[in-house]
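Asks: Attaching a single structure in structure tokens format; questions to follow.
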Amino acid sequence: MTAPSVYRSRPSGVESLFGKKKAIIAVIHSKPLPGSPEYDGESIAELYAYALEEGRRYATGGVNALILENHGDIPFLKPGDIGHETAAAMAVMAELVRRETGLPIGINVLANGALTAIAVAKAAGAEFIRVNQWANAYVANEGFVEGEAAKVTRYRSWLRAKRIKVFADVHVKHGSHAIVADRSITELTRDVEFFDADVVIATGQRTGDVATTKEIQTIKGATSLPVLVGSGVNLDNIAEILSVADGVIIASSLKRDGLWWKEVDTDRVAVFMEQVRRVQ
């Protein structure tokens, strides 16, 4: 049963973008980009080539869409400190990957760099962005992080980029939510919808940790929006997850040895997507 909407109704952000009721979205973790601590001066062409190859491997395996994420830029900056060099590199990288794979692509600029992500998405022709803290606030690894909805929706409108959809996390990983502990996950979910997100994302405690079935069901029951699971998805739990959620965002379990910082493993992608086809 679909929860009553707390804002105007709209077409499904999953079906309208991907033409499917349930979507498999794979994440390209970029190598460290210029300006980040681990960047060692590799040519920008090498960084682009790596992202392109990762995208090809996912596309060959049959995923429905991609997200480009600057996961190599550890430790991540807070939104106001993210430099122009990050936006420039990601915009070109995303455009190259989009053209090469032909898949819809989203942008996630860490940490919570939603304004930068909208700019990158507009420049690269990307279809959506992922925002880890869209409404309310929490204490992340990077420190105190506030929701970006009010700024981003205005900036998106100013750029004439309303076609770019927002995939927003609820009770996101890598942080403490004690500051909003007096509000239930149900209410936090409704806040995200009220602030005009298009898709809601449920996660575990950190990259590679899955949200519990109870939490996914709670979020699903609190919103009329599609719900994706954004961490910890693997071959063993995909059937259970897709029985509740409208899709997944996946990376670690499709990498060599199941480690996010390694390359995409084409065999893992093929086996995973075959399992998806069996359970859908």
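Asks: Evaluate the following for GLU263: is it in contact (Cβ under 8 Å) with a residue 12 or more places away in the chain and either touching a strand residue (DSSP E or B) at 6+ places or on another chain (Cβ under 8 Å) or aliphatic (A, V, I, L, M) (or both)?
Replies: On the way: in contact (Cβ under 8 Å) with a residue 12 or more places away in the chain: yes; either touching a strand residue (DSSP E or B) at 6+ places or on another chain (Cβ under 8 Å) or aliphatic (A, V, I, L, M) (or both): yes.
Yes: the conditions hold for GLU263.
Asks: Still on this structure: Have a look at VAL210, VAL200 and point out the one that is without any contact (Cβ under 8 Å) to a residue 60 or more places away in the chain and within 17 Å of VAL14 (Cβ to Cβ).
Replies: Numbers: VAL210 fails: within 17 Å of VAL14 (Cβ to Cβ).
Just a single option satisfies the conditions, and that option is VAL200.
Asks: Quick check on region 240-248. Is at least one of its residues closer than 18 Å to ILE107 by Cα and modelled with pLDDT of 95 or more? Outline the logic, then answer.
Replies: Taking region 240-248 and keeping what is closer than 18 Å to ILE107 by Cα, we get 247-248.
With modelled with pLDDT of 95 or more added as a condition, the list becomes 247-248.
Within region 240-248 (the criterion being closer than 18 Å to ILE107 by Cα and modelled with pLDDT of 95 or more), the answer is yes, since at least one residue qualifies.
Asks: Could you tell me which residue of region 21-35 is nearest to PRO75 (Cα to Cα), considering only residues that are surrounded by fewer than 22 Cβ atoms within 10 Å (Cβ to Cβ) and in contact (Cβ under 8 Å) with a residue 60 or more places away in the chain?
Replies: So the residue we want is LYS22.
Asks: If LEU17 meets every condition in (1) surrounded by fewer than 20 Cβ atoms within 10 Å (Cβ to Cβ); (2) under 24 Å from THR189 (Cα atoms); (3) of a type in the set (A, V, I, L, M) apart from one, which number is that one?
Replies: (1)
Asks: If you don't mind, there's one more thing I want to ask. Only one of (1) among the polar types (S, T, N, Q); (2) part of a loop (DSSP other than H, G, I, E, B); (3) more than 14 Å from ALA245 (Cβ to Cβ) fails for SER16. Which number is that?
Replies: With respect to (1) among the polar types (S, T, N, Q); (2) part of a loop (DSSP other than H, G, I, E, B); (3) more than 14 Å from ALA245 (Cβ to Cβ), SER16 is out only on (2).
Asks: In region 233-251, how many residues are touching a strand residue (DSSP E or B) at 6+ places or on another chain (Cβ under 9 Å), over 15 Å from VAL271 (Cβ atoms) and free of Cβ contacts under 8 Å to residues at least 60 places away in the same chain?
Replies: The qualifying residues number 2.
Asks: Related question: Under the condition of being within 15 Å of VAL27 (Cβ to Cβ) and modelled with pLDDT under 95, which residue from region 211-232 is surrounded by the most Cβ atoms within 10 Å (Cβ to Cβ)? Don't jump to the end; show me each part of the working.
Replies: Initially, region 211-232 is screened for residues within 15 Å of VAL27 (Cβ to Cβ), giving 228-232.
Narrowing the set further to residues that are modelled with pLDDT under 95 leaves 230-232.
Details: GLY230: 31, SER231: 24, GLY232: 23.
Out of the qualifying residues, it is GLY230.
Asks: Considering only residues that are outside any loop (DSSP other than H, G, I, E, B) and under 20 Å from the mean Cα position of the chain (by Cα), look in region 150-165 and name the one that is farthest from ILE118 (Cα to Cα). It would help to see each step written out before you state the result.
Replies: Here is the first cut: in region 150-165, the ones outside any loop (DSSP other than H, G, I, E, B) are 150-158, 165.
From what's left, under 20 Å from the mean Cα position of the chain (by Cα): 150-153, 155-156, 165.
Working: ALA150: 13, LYS151: 11, VAL152: 8, THR153: 9, TYR155: 8, ARG156: 7, LYS165: 9 Å.
Looking at the filtered set, the residue picked out is ALA150.
Asks: Continuing with this model, one more query. Go through region 247-267 residue by residue and tally those that are in a loop (DSSP other than H, G, I, E, B) and buried (at least 23 other Cβ atoms within 10 Å of the Cβ). Walk me through how you get there before you give the answer.
Replies: Filtering region 247-267 down to residues in a loop (DSSP other than H, G, I, E, B) leaves 251, 259-263, 265.
Filter again for buried (at least 23 other Cβ atoms within 10 Å of the Cβ), leaving 251.
Qualifying residue count for the region: 1.
Asks: So TYR39 fits all but one of (1) in a loop (DSSP other than H, G, I, E, B); (2) out of contact with any helix residue (DSSP H, G or I) (no Cβ under 9 Å at 6 or more places or on another chain); (3) of a type in the set (Ser, Thr, Tyr); what number is the exception?
Replies: For TYR39, the exception is condition (2).
Asks: Residue under question is GLY72, and the condition is that it be touching a residue at least 40 places away in the same chain (Cβ under 8 Å) and part of a loop (DSSP other than H, G, I, E, B); does it hold? Lay out the reasoning, then the answer.
Replies: On the way: touching a residue at least 40 places away in the same chain (Cβ under 8 Å): yes; part of a loop (DSSP other than H, G, I, E, B): yes.
In short, yes.
Asks: Across region 166-187, which residue is nearest to ASN112 (Cα to Cα) among those that are at pLDDT below 95 and assigned to a strand (DSSP E or B)? Break it down stepwise before answering.
Replies: Taking region 166-187 first, the residues at pLDDT below 95 are 169-187.
Checking the rest, the ones that are also assigned to a strand (DSSP E or B) come to 169-170, 175-176.
Details: ASP169: 10, VAL170: 13, GLY175: 12, SER176: 15 Å.
The residue in question is ASP169.
The values are calculated or read from the model by the stated rules, or taken from the named source; none is laboratory data. Since we're looking at a predicted model, the values are computed, not measured. Ideal geometry is used to build each Cβ from the backbone, glycine not excepted, and the neighbour counts take in all protein chains shown.
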